Amino acid sequence: MNRYERRPISLGEAEVEYLDGELRILRPGAFVRCAVTGVAIRLEDLRYWNVDLQEPYASPEAKLQRLGLRLKSRKEPDTAAASDRSGSLSDPSRSS
């Protein structure tokens, strides 16, 4: 190759260094794999990663799962709020 020719971009998996707010491509490629799900993420679509663990994630849910957290579903009622609405709280004026 002459020095002005660009190397062809590999269609395989890229090696990436994850920095604060940016990426450094160490080995060219088309995608990286989510550390949680294993799904391929195109570099253009990569939005979530962990700098400390140097891991990419396919979605915010995957990152939360990796951290051992889970999102509260909008359909699940809050247990404390449900008990307040049920009227099961004792009335202090009726204490015996």
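Bear in mind that the values in this text are calculations on the coordinates, not laboratory data. Computed from a prediction, not measured in an experiment: that's the story for all the values here. All Cβ positions, glycine included, derive from the backbone under ideal geometry; neighbour counts span all protein chains shown.
Which of ILE41, ILE25 has the fewest other C-beta atoms within 10 Å, and how do the rest follow up to the most?
Sorted ascending by nearby Cβ count, the order is ILE25, ILE41.
Name the long-range amide H neighbours of ALA58: under 5 Å, sequence gap of 5 or more, or other chain; modelled H, no Pro or chain starts.
ALA35, VAL36, THR37
Report, by chain and number, residues whose modeled amide H sits under 5 Å from the one on ALA14, excluding near sequence neighbours (fewer than 5 apart, same chain).
For ALA14, whose amide H was placed from the backbone, the distant partners under 5 Å are ALA30, PHE31, VAL32.
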